[in-house]
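The values are calculated or read from the model by the stated rules, or taken from the named source; none is laboratory data. Fair warning: this is a prediction, and the values are worked out from it, not measured in the lab. Cβ placement follows ideal geometry from the backbone for every residue including glycine, while neighbour counts extend to all protein chains displayed. Ligands, DNA and RNA are excluded from the accessible area calculation, which covers all protein heavy atoms including side chains. Shrake-Rupley method; radii C 1.70, N 1.55, O 1.52, S 1.80 Å.
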Amino acid sequence: QVRLVESGGGLAQAGGSLRLSCAASGRIISINAMGWYRQAPGKQRDLVAVISRGGTTNYADSVKGRFTISRDNAKNMVFLLMNSLKPEETADYYCNVVHLGYSYWGQGTQVTVSS
């Protein structure tokens, strides 16, 4: 079992920045992909960014050039630096990891971007 705890959410002004962190704990052998998703009220959960164990990244088109995903394999952590935030990016942000073929989710951290 893998437990994920997100942190770093909060309130930001449009154009501002936030950095999200996610720490994985438990009986971890090798985490493969780590990613961030977001879900706005009344909408589906969408991929924001994902990073492989080797560092290959993939971003949603809407965040390319503004968001940066990174990870620390030694600490089993993944980060999301969000720059130039937009009000429409207000959502709950969820960390996701794939460990031994299983997908695990954090409880989410709320990000609110004011205009």
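Numbers at a glance
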{"read-out": "Yes/no for I28 being within 12 Å of the chain's Cα centre (by Cα) and open to solvent by less than 50 Å² (accessible area, probe 1.4 Å)", "value": "no"}
{"read-out": "Search result, residues across region 1-23 that are surrounded by 16 or more Cβ atoms within 10 Å (Cβ to Cβ) and either under 12 Å from F79 (Cβ atoms) or touching a Pro at 6+ places or on another chain (Cβ under 7 Å) (or both)", "value": "E6, G8, L18, L20, S21, C22, A23"}
{"read-out": "From the options L4, L20, residue that is among the aliphatic types (A, V, I, L, M), under 10 Å from the mean Cα position of the chain (by Cα) and under 18 Å from G106 (Cα atoms)", "value": "L20"}
{"read-out": "Scan of region 1-36 for residues that are under 14 Å from V97 (Cβ atoms) and of a type in the set (K, R), ordered by number", "value": "R3, R27"}
{"read-out": "Filtered residues of region 40-56 (kept if open to solvent by less than 60 Å² (accessible area, probe 1.4 Å) and not hydrophobic (A, V, I, L, M, F, W, C))", "value": "S52, G55"}
{"read-out": "Residue that is surrounded by the most Cβ atoms within 10 Å (Cβ to Cβ) [pool: residues in region 98-109 that are closer than 16 Å to E6 by Cβ and aromatic (F, W, Y)]", "value": "Y104"}
{"read-out": "Residue, modelled with the lowest pLDDT, within region 57-97, restricted to residues that are open to solvent by 10 Å² or more (accessible area, probe 1.4 Å) and of a type in the set (G, A, S)", "value": "A74"}
{"read-out": "Strands (runs of 3 or more DSSP E) within region 13-115 that include 2 or more residues touching a residue at least 12 places away in the same chain (Cβ under 8 Å) and of a type in the set (F, W, Y)", "value": "31-39, 91-99, 102-105"}
